[in-house]
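I have placed the structure first, in the form of structure tokens, so that the comments after it can refer back to it.
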Amino acid sequence: MADKKANKRIKSLSIYRPFIYGTTARPFDPDRNPKPPGIPDDHTHSWEVFVKGVDDTDITYWLRRVQFKLHESIPNHVRVIDAVPGKPFSLKETGWGEFEITIRLYYVTESNEKPQTLYHHLRLHPYGRTEEEKEEMKNEDGGVVKSWNYDEQIFNEPYESFYEILTTGAMPPSMAGTQKGGKGGGKQKGGEKEQKVERSEGGVLARSAMIPLTNRGPEYPFSRETEQCEIEKLKKALVKVEEMTKKTKEEMEKKEKRLKELKAEGAKA
Amino acid sequence: MTSRDVHDVLNLPSDHSGAPRPSKKQKTSAPRPNLKGLAREVQNLGGDNPIAIVPEVNFFKKRRFASRKPVAKWELKAFTNSARGDDGALVLRHWKRKTDDGAPVEGAQDGEGQQQRGEGTPASERKEEKPDDSAFAKFNVQVVVPHYTEEQYHSNLQNNDWTKEETDYLLGLAKDFDLRWTLIWDRYDFTPRPPGGDGANGDTSTAVVPAPKQRSMEDLKARYYEVAAKMMAVQKPAQYMTRPEFELYEMMQNFDPEQERKRKQFALNTMSRSKDEAREEESLLLEVKRILARTERFNEERRELYNRLDYPATDSDINSFKSSAGLQNLLQTLMTTDKNKKRKSIMPSEGVSPNSAVPNSAVSETNPANRRESIAASATTNNHARHDSDVRTPATPADPTPTSAASGANKKKGGSAQQPPERRKLTQQEEQVYGVSYHDRLGSGPTFRYEKINKLYSHKSGQQQLRITNALSELDLPPRLVMPTATVTAQFEVLWGAVTALVDLRKISDRLDGEIKIEEVKKAERDRAKRILPEKEKEEKGEGEKAKADGGGGCGVDGEKAGDKKDGGGDGEKTQEGGGQAKEDGEKKRPGSSGSLTAAGHKRSASVLSAASDKSAKRHKKQ
């Protein structure tokens, strides 16, 4: 009781963590992906659904459990994966059909937050908006079909204890003394600290909300670089839309004029 | 045993002869062995002060150089200074010690060789031509001044007060003078180029020359730090900086010219005040200190007084204390109150006793007999008091246990109440690393970034959703954002606004198209009517007017016309138009089928749209 009271929500504060969820499917193939014994004949693919951190960083400090709800026809279709520190939440299955997976995220108990739900469509076959995209996917790495989504888990107004968890661990706690200290001393200390800090290959601090600066191959498609690309794309699209709006407006003016003329004519007649 | 010892034992004051004797002995004994060859009698002549005699030393100083090495050789060697930046054009010479090992030996041998061989070969001359670099050249450290391209300047460094030219000029000076701000400020003389005529001399005389701005050192610094910090951030986002880098970045970013100016002003004032003023200031400061100390002491005393006044309430029933058990109870109570008092004096409370003592006494009055109940009651009142004003519980005379429990709870509460301010303040870098941000309105609880975009969709009607998705795919955007980060979603929202505006425009434009089509068809009808049936027109004119007089309620003579009208009414948007159309038709005596046709067309298009919207709604649900 007393604990809960002390554990207040921090107003107007929001904190986020990037993560990736999605599926990876590969067709059975006698050479590259042989069918293990005991799998029904009609199963054509093996696939995996996962929830993990960006750059394979640990997310178990805020995510306690993930429930994957698969298609009802699959035996034991509600699967619960509990956190193993440092490991992604993943589930491997085989099958023949695509369906929507319901992913339910259970947060660590300290968060006092209710579970949230994500939906993800399992992709077994190459997809895309155009035929070329599909073709490209088909040729990729033995027919592996990836459907990965980047998202950010936002905790709005977290409880204090949870906030404490979310804001520690990546860096040594800031000390007022070192910051004000002499430049030389500060530098040296900073250097020492930097070494203690745990970073992933992409330069992401453990337990932080960072994403890598650059892409490192197809296994790590989400980075600042990709983000910049996307922003560029959106900006270009915006310019295009503005052009289109202008054009439409001009056309409309013409049309209105024409309509007026026609109406005037009609009135005259 | 001397008389002195006797005196000592009897604790009598010692007489004259006793005291000085031992001290004299001690004094004389010390210097004696030092002076040899001097008669004791002569030495004693000095009495208490020994004679100052410096013993004569009759041997020479030791040789300083025990080992007799050959004399060190020095040579006159040429050197250049690369820091001069004249590519070694100036060659100076200085004496340098010749050593027997390492690189200099070569030079020494060369020198010797040259001497031996007279003018020597050109090869050796070549070697001589490359003199050593001065040992002090390494101290010529160049300051790293931020660089930017034209594009970077335009996207990041625009400033109303500073032109690019002036910024360039400032950075140039900063480089030239190695960031010595006093120098930079002193030499700063930027004359902006006249806007029109650049090169022509004649123009400058007539053109209005903008007056150069007077820049203070703080202005210069502020601009420089602004540029440097921004360029730093452009090259490396803040959360990826190492700690020293970030500290530098933060320092430059937080540079406040106003504060700097004030600081200097203060310093100037302090320097220029007179001695009297300084003394007065000092005394004033002392005075303040004294006043503060006094108030503190006064407060302390007052607090203590209040604590003393906080006695256990005595107006309760005393029956409970009449038995021996009761007395025991009382003793315990008093002890706990004592303890409480101690705690209270350690942790003084803001709103003191009268507040809390009242409910307690009231409770004990109402329930004098039932002890258990009073326990519970006092516990609850304590809780209340706790809620009302953060008061440490006063002692309850009824029973010690609840108070201690309550005070325990209080302590806990006190601890937790202190927690919020203890929440760590994150630095800016930490905030970025941990993804912390502040917003005005937040729905608490976890959510996903992409949820925002989903909401954008779900706020639109199905039909609009379809139109927007179509427009987006027209723009070659994937249906789902690849990386819905905060910036990307913000950018997407901007785009979303533009797209919805476009879609709305298109809708209006489509409607205009429809109207134009109607008008065109009508015009065609009119033309045909004019050409083919000029006579019939006249005949039917009367009839049409009659129909109009009927009230246009649809029971017109013309069956077709009535149908027309109905159609018009059926189509929500086009009601007026349909009506107008019918009227026009009536006027023109030409019950054309065109009206019904177009109306039907509208109807059909509407149904198609609704079907489409259903589809899109389904689709969205699936997503």
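Read-outs: derived from the displayed coordinates by stated rules, not from any lab. Keep in mind that what you see is a predicted model, and the values were worked out from it rather than measured. Ideal geometry is used to build each Cβ from the backbone, glycine not excepted, and the neighbour counts take in all protein chains shown.
Points worth noting:
- Average beta-carbon neighbours from other chains, 10 Å sphere, peptide A:108-118: 2
- Computed about its Cα centre, the charge dipole of the range B:223-309 is approximately 60 debye, with only Lys, Arg, Asp and Glu carrying charge at their Cβ.
- Phi-based couplings in Hz for the range A:46-52 (Karplus 6.51, -1.76, 1.60; Gly and Pro marked x): 10, 9, 9, 10, 8, 10, 8
- Taking amide H positions as modeled 1.01 Å from N, with prolines and chain starts lacking one, the residues under 5 Å from A:L13 and 5 or more places away or on another chain are A:E157, B:H439.
- A:R79-B:R97 pseudo-label distance in nm [points 7 Å out on the Cα-to-Cβ vector]: 7.9
- ³J(HN,Hα) computed for each position of the range B:448-459 - Karplus, 6.51 cos²θ - 1.76 cosθ + 1.60, integer Hz, glycine/proline x: 10, 4, 6, 4, 4, 6, 4, 5, 3, 5, 5, 7
- Close amide H contacts of A:K35 (hydrogens built in the peptide plane, cut-off under 5 Å, sequence separation of 5 or more or a different chain): A:D29.
- Cβ charges +1 (Lys, Arg) and -1 (Asp, Glu), total dipole of the range A:63-118, debye: 180
- The range A:1-67 and the range A:211-269 have their alpha-carbon centroids 36 Å apart.
- In this calculation the C-beta distance from B:A501 to B:K236 is compared with R0 = 35 Å, giving a FRET efficiency of 0.40.
- Projecting label points 7 angstrom from Cα along Cα→Cβ for B:L309 and A:R216 puts them 7.1 nm apart.
- Counting Cα-Cα pairs of the range B:449-498 in 10 Å increments starting at 0 gives whole-percent bin shares of 24, 63, 13.
- In the range A:2-156, one over the average inverse separation of all distinct C-alpha pairs is 17.4 Å, which is the Kirkwood hydrodynamic radius.
- The mean count of C-beta atoms from other chains within 10 Å of the C-beta of residues in A:226-236, rounded to a whole number, is 6.
- In sequence order, calculated HN-Hα J values of the range B:151-163 (Karplus, 6.51, -1.76, 1.60; Hz; x Gly/Pro): 5, 4, 4, 5, 7, 10, 10, 4, 8, 5, 7, 10, 8
- Förster radius 45 Å - calculated FRET efficiency between B:F266 and A:H71, Cβ distance, rounded to 0.05: 0.05
- Across the cross-link table entries B:K62/B:K98; A:K254/B:K523; A:K138/B:K455, which are compared at the Cα atoms, the separations over 26 Å belong to B:K62/B:K98; A:K138/B:K455.
- Cβ charges +1 (Lys, Arg) and -1 (Asp, Glu), total dipole of the range A:1-151, debye: 1180
- Taking amide H positions as modeled 1.01 Å from N, with prolines and chain starts lacking one, the residues under 5 Å from A:L205 and 5 or more places away or on another chain are A:S200, A:M210.
- The B:D176 and A:V239 beta-carbon pair, evaluated with R₀ = 51 Å, returns a calculated FRET efficiency of approximately 0.75.
- Shielding by other protein chains, A:12-19, mean Cβ within 10 Å: 6
- Mean Cβ count within 10 Å, highest first, over the residues of peptides B:427-440, B:516-529: B:427-440, B:516-529
- Simple label model, 7 Å out from Cα along Cβ direction - B:V288 to B:L327, nm: 6.0
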